[in-house]
There are 2 protein chains.
Amino acid sequence: MPVLPFANRKRPILLGHRGLPTRAEGNTRPAFLAAVEAGLDGIETDVQRTKDGVLVIHHDFVVGLRLISDLDYAELRELRPQMMTLDALLELLEPYPDFLLNLELKSIPGLEDGRAHELADRVAGWSGRRRVWISSYDPVALLKVREHQPEIPLGYLFRVYDTGRMAELLGIEAVHPHWQLVSAARLARWHERGLVVATWTVNNAGKVRELASLGVDVIMGDDAEALLASKKQTQ
Amino acid sequence: MPVLPFANRKRPILLGHRGLPTRAEGNTRPAFLAAVEAGLDGIETDVQRTKDGVLVIHHDFVVGLRLISDLDYAELRELRPQMMTLDALLELLEPYPDFLLNLELKSIPGLEDGRAHELADRVAGWSGRRRVWISSYDPVALLKVREHQPEIPLGYLFRVYDTGRMAELLGIEAVHPHWQLVSAARLARWHERGLVVATWTVNNAGKVRELASLGVDVIMGDDAEALLASKKQTQ
């Protein structure tokens with residue numbers, strides 16, 4: 001059974017959302033380095049796939065009106081020269097052996113271009129694999145990663161209804177609910193079921209402290225000061 | 001435990017795909033009536049939801065470049081006057097008490113507009129509810145229907161990889177694989193696990209006969225003659 005890569009660390013784990021987008025454009029090299037420099041525990045970021053099979057770091061399925069999955073990497077690069085590949089991100093993070101990486105696999109059921117298997121293989125083959133976990137809204141993608149590379153820890157994302165039951169059905173390690181879904185009662189239920197709870201996107205210091213005192217395991221946000229407020233409280 | 005609404009009928013069950021699209025535009029009133037008249041066992045069709053909560057019969061998430069989920073029903077109706085509502089379809093099928101209805105709920109994880117609960121309620125409240133089952137590519141939508149209206153039979157759709165395991169995890173009744181995924185070995189595995197197997201979209205009489213002789217439970221297609229070829233064989 002995989003274990004999230006921070007089993008023995010002090011909670012909450014603080015992740016910059018797409019790097020540190022208050023310092024530089026999210027999901028770019030400067031934003032990722034800003035998260036390292038700010039003293040966060042790691043980052044959360046997004047993985048898409050081009051038509052010719054390059055895994056790239058981007059939140060939306062589209063650039064402008066074009067689907068990334070319909071573009072070759074060369075075309076995409078002309079449209080968005082600053083977009084990083086996953087390979088470039090892994091290389092960038094190589095020198096920081098304690099820095100955590102939560103990769104959100106962007107996928108929808110029925111989009112069957114091999115991205116789940118490819119991402120699983122790339123993570124499993126990386127020297128820093130022990131500090132990575134993969135999350136997704138798409139339970140089918142999570143199932144494919146699990147079947148293909150069973151050692152990678154997994155989290156299931158949801159934002160409006162509590163569908164945490166899906167994580168139990170899949171037998172995975174974490175739920176990633178939107179922070180508005182986190183209550184003491186739900187948190188207790190998820191924890192009772194052995195699930196790690198990672199919530200997002202929390203940009204208010206008071207809310208960060210509140211979630212930290214409830215016992216949330218991972219908090220993701222855009223603003224390092226708001227996130228680090230939870231640590232100041234306990235010092 | 002719900003049972004697919006044809007437990008004691010002779011197999012394979014033959015469904016017109018979006019009605020009978022070789023006779024009239026798919027997913028319209030004439031196409032649905034053509035499927036009844038052709039002597040098919042039922043139809044498969046698609047459910048979308050407008051921004052103001054009207055469930056409508058349409059395959060794609062868009063009309064032109066507009067998302068149906070971003071349009072009010074009045075706007076949608078101007079763009080596509082022939083588009084039926086789910087209510088109109090149920091009314092149309094009211095007089096045919098043996099005619100089966102497989103509703104594909106169009107949904108993607110993260111699209112949380114209430115459509116799963118609304119469709120579940122509409123089906124559960126219909127006089128013909130015992131001849132309906134709901135299918136979806138979206139396991140989260142299936143989970144929501146099951147939690148909300150546990151009596152409705154459910155099928156899980158997939159088309160490129162065999163992810164039939166998801167149906168087992170969800171504890172639902174059917175798998176809906178694309179016909180290219182159906183082999184004797186897979187069919188045996190699905191049947192061993194208690195799953196009904198419904199396949200699509202089969203438009204070649206030879207292929208219909210082959211799938212029928214393998215023991216597939218439900219075959220969906222565009223062409224009544226090709227589908228009915230399986231019955232001629234066994235008479």
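The values are calculated or read from the model by the stated rules, or taken from the named source; none is laboratory data. Because the structure is predicted, anything quoted here is derived from the model rather than measured. For neighbour counting, all protein chains shown are included, and Cβ atoms are generated from backbone atoms with ideal geometry for every residue, glycine included. With ligands, DNA and RNA removed, areas are computed over all heavy atoms of the protein, side chains included. Shrake-Rupley method; radii C 1.70, N 1.55, O 1.52, S 1.80 Å.
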- line: By residue number, the members of segment A:109-126 that are within 16 Å of the chain's Cα centre (by Cα) and open to solvent by 40 Å² or more (accessible area, probe 1.4 Å) are A:ARG122
task: Scan segment B:21-32 and report the pairs whose first residue is within 12 Å of B:GLY221 (Cα to Cα) and whose second residue is buried (at least 17 other Cβ atoms within 10 Å of the Cβ), with Cβ atoms within less than 7 Å and a gap of 6+ or a chain change.
output: B:PRO21/B:ALA31; B:PRO21/B:ASP222; B:THR22/B:ASP222; B:THR22/B:ASP223; B:GLY26/B:ARG18; B:GLY26/B:GLY19
Index of the failed condition, A:GLY221 passing every other in (1) free of Cβ contacts under 8 Å to residues at least 24 places away in the same chain; (2) closer than 22 Å to A:GLU25 by Cα; (3) open to solvent by less than 10 Å² (accessible area, probe 1.4 Å): (1)
message: Please go through segment B:138-152 and give me each residue that is touching a residue at least 24 places away in the same chain (Cβ under 8 Å) and either buried (at least 20 other Cβ atoms within 10 Å of the Cβ) or within 12 Å of another protein chain (Cβ to nearest Cβ) (or both), ordered by number.
response: B:ASP138, B:PRO139, B:VAL140, B:ALA141, B:LEU142, B:LEU143, B:LYS144, B:VAL145, B:ARG146, B:HIS148, B:GLN149, B:ILE152
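From the list A:LEU211, A:LEU195, A:LEU187, A:LEU169, which residue is modelled with pLDDT of 95 or more, within 14 Å of chain B (Cβ to nearest Cβ) and surrounded by 14 or more Cβ atoms within 10 Å (Cβ to Cβ)?
Values: A:LEU211 fails: within 14 Å of chain B (Cβ to nearest Cβ); A:LEU195 fails: within 14 Å of chain B (Cβ to nearest Cβ); A:LEU187 fails: within 14 Å of chain B (Cβ to nearest Cβ).
Only one candidate qualifies: A:LEU169.
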message: Looking at (1) within 14 Å of chain B (Cβ to nearest Cβ); (2) modelled with pLDDT of 95 or more; (3) open to solvent by less than 30 Å² (accessible area, probe 1.4 Å), which one does A:GLN180 not meet, given that it meets all the others?
response: (3)
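Pull up segment A:153-169, narrow it to residues that are out of contact with any helix residue (DSSP H, G or I) (no Cβ under 6 Å at 6 or more places or on another chain) and in contact (Cβ under 8 Å) with a residue 24 or more places away in the chain, then point me to the one that is farthest from A:ASP60 (Cα to Cα). First the steps, then the outcome.
Here is the first cut: in segment A:153-169, the ones out of contact with any helix residue (DSSP H, G or I) (no Cβ under 6 Å at 6 or more places or on another chain) are A:153, A:155, A:157-161, A:165, A:167-168.
Then keep just the ones that are in contact (Cβ under 8 Å) with a residue 24 or more places away in the chain; that gives A:153, A:155, A:157, A:167-168.
Working: A:PRO153: 23, A:GLY155: 19, A:LEU157: 16, A:ALA167: 24, A:GLU168: 27 Å.
Here the answer is A:GLU168.
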- prompt: Do we have B:VAL160 as crowded, with 18+ Cβ neighbours inside 10 Å and either in contact with a strand residue (DSSP E or B) (Cβ under 9 Å, 6 or more places away or on another chain) or away from chain A (no Cβ under 14 Å) (or both) here?
  reply: no
- prompt: Any idea which of (1) among the small types (Gly, Ala, Ser); (2) within 12 Å of chain A (Cβ to nearest Cβ); (3) in contact (Cβ under 8 Å) with a residue 40 or more places away in the chain is the one B:ALA174 doesn't satisfy?
  reply: (2)
message: Go through segment B:79-110 and report how many residues are among the polar types (S, T, N, Q) and within 14 Å of chain A (Cβ to nearest Cβ).
response: 1
- line: Restricting attention to segment A:111-137, the residues that are free of Cβ contacts under 8 Å to residues at least 12 places away in the same chain and at the interface with chain B (Cβ under 9 Å from one of its Cβ atoms) number exactly 1
